[in-house]
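Written out below as structure tokens is the structure these notes cover.
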Amino acid sequence: MFEYEIDRMNHAQLVREAAARRLTHEAAASTGREPRRSGRRSGGQDTHRDAEGPADGDGPGRFVRAA
């Protein structure tokens with residue numbers, strides 16, 4: 001029974017997120033603007049490296065090298 005309740009809560013959360021996203025897209029369409037893209041990226045891109053920038057290069061002081 002407990003797993004069923006967790007599944008129902010997850011389902012309800014996904015339905016709420018889908019409704020919010022649909023409303024956002026409809027609002028953006030009514031203003032004539034493109035909706036903003038989510039911060040998440042899909043596919044084989046290395047999102048962690050892209051989000052933080054290079055760890056070395058471009059001279060000292062820009063990024064600190066981790067131990």
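Cβ-Cβ distance of T24 and M1, R₀ of 35 Å, FRET efficiency by 1/(1 + (r/R0)^6): the value works out to about 0.50. Rolling a 1.4 Å probe across all protein chains gives R22 an accessible area of roughly 120 Å².
The values are calculated or read from the model by the stated rules, or taken from the named source; none is laboratory data. From a predicted model like this one, the values you see are computed outputs, not experimental measurements. We place every Cβ from the backbone using ideal geometry, glycine too, and count neighbours over all the protein chains shown. Remember, those area values only see protein heavy atoms, side chains included, never the ligands or the DNA or RNA. Shrake-Rupley method; radii C 1.70, N 1.55, O 1.52, S 1.80 Å.
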